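Trainee: Sharing a structure below in structure tokens format, with a few things to ask.
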């Protein structure tokens, strides 16, 4: 399992749950024993009888074991009757865990419990919400009416109708999210600023997380800044990125890049490509030549070759919305 912030945060949550369960258990026991002091004596007798029962079994004294078992059953029944008459139950004496499967340890048979995996996913969802510039974006909020229905000529000389092209991209992204699996192809969203790349990337993330997939998001600027800071520490920046089900790297081209961060970026792109783990990259760099100039041939060729390219066209929606 990755040793990133999401794991540490999830473990902390489970530790808090475990301590809270222990506190509730002790408080409930104290309440019951103060009202029903005879329960303490019965508990002691059950414990003593149980120990004798175990010794009898180990000694293969079946008659004594059976007799002690019957005594234990009578004591347990007596305790249950006293508790019931006072408005309690046997469950009130037992520890009530948030997750009874792992008893809030997060581990079952040496593996992560489902509750731990769910909490890690929740932590990553929370982190996505904190980091994303569009945390509440969804497909339902995407506004196709902002894209012109009049044909325009792109920088490459091609003629496109922005509304038609963006409708096709919208439908593709919606299907991509609805049918997401670890076999999905990576996406490279290209186009000028303000055309909805981040919105659709975050919309895909939202659907995938609701389906239980582990999604990570980072803006290029914040990621490469953190990579540079971690260069002189032991902080693990990329393990979660390499292992998550879907990684979104937003706004490529806006970051400051050094040879070191470039090598880490290559490692991310190449490792996830080799392992067949899907990514979504968004960038205002709209051509392979621009990507190559920025990141070099090895990275640009992998981005262009391993991804489904989606070319966003139209006018800056943020400007249109503010008019």
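The values are calculated or read from the model by the stated rules, or taken from the named source; none is laboratory data. Computed from a prediction, not measured in an experiment: that's the story for all the values here. Heads up, the Cβs are rebuilt from the backbone with ideal geometry, glycines too, and the neighbour counts pull from every protein chain shown.
Trainee: I'd like to know if the range 13-35 contains one or more residues that are part of a loop (DSSP other than H, G, I, E, B) and over 20 Å from residue 97 (Cβ atoms).
Mentor: Checking the range 13-35: not a single residue is part of a loop (DSSP other than H, G, I, E, B) and over 20 Å from residue 97 (Cβ atoms).
Trainee: While we're looking at this one, here's another question. For the list (1) part of a helix (DSSP H, G or I); (2) loosely packed, with under 12 Cβ neighbours inside 10 Å, I need the number of the one condition that residue 9 fails.
Mentor: The single condition residue 9 does not satisfy is (2).
Trainee: Starting from the range 13-32, keep only residues that are in the same structural domain as residue 106 (by TED's automatic domain parsing), then list their pairs with residues that are in a helix (DSSP H, G or I) and crowded, with 16+ Cβ neighbours inside 10 Å whose Cβ atoms are within a distance under 7 Å, requiring at least 6 positions of separation or different chains.
Mentor: Listed pairs, sorted by first residue: 13/119; 14/116; 14/119; 29/93; 32/39; 32/93.
Trainee: Identify, please: which residue in the range 288-322 is in a loop (DSSP other than H, G, I, E, B) and without any contact (Cβ under 8 Å) to a residue 40 or more places away in the chain and is, among those, farthest from residue 242 (Cα to Cα)?
Mentor: Across the range 288-322, the extreme among qualifying residues is 322.
Trainee: May I ask you to say which residue of 177, 168, 151 is crowded, with 18+ Cβ neighbours inside 10 Å and either at pLDDT 85 or above or touching a strand residue (DSSP E or B) at 6+ places or on another chain (Cβ under 6 Å) (or both)?
Mentor: The unique qualifying residue is 177.
Trainee: Looking at residue 208, is it assigned by TED's automatic domain parsing to the domain that holds residue 290, within 16 Å of residue 279 (Cβ to Cβ) and free of Cβ contacts under 8 Å to residues at least 40 places away in the same chain?
Mentor: yes
Trainee: Evaluate the following for residue 266: is it touching a helix residue (DSSP H, G or I) at 6+ places or on another chain (Cβ under 8 Å), surrounded by 17 or more Cβ atoms within 10 Å (Cβ to Cβ), closer than 17 Å to residue 224 by Cα and assigned by TED's automatic domain parsing to the domain that holds residue 179?
Mentor: No, not satisfied.
Trainee: Let me ask something else. Determine which member of the set 62, 121, 105 is at negative phi and without any contact (Cβ under 8 Å) to a residue 12 or more places away in the chain.
Mentor: 62
Trainee: Let me ask another. Check 240, 250, 236 and return the single one that is assigned to a loop (DSSP other than H, G, I, E, B) and within 26 Å of residue 273 (Cβ to Cβ).
Mentor: Within the list 240, 250, 236, the selection yields 236.
Trainee: Please work out which residue is surrounded by the fewest Cβ atoms within 10 Å (Cβ to Cβ), limiting yourself to the range 65-93 and to residues that are touching a residue at least 24 places away in the same chain (Cβ under 8 Å) and outside any helix (DSSP H, G or I).
Mentor: Going through the qualifying residues, I end up with 86.
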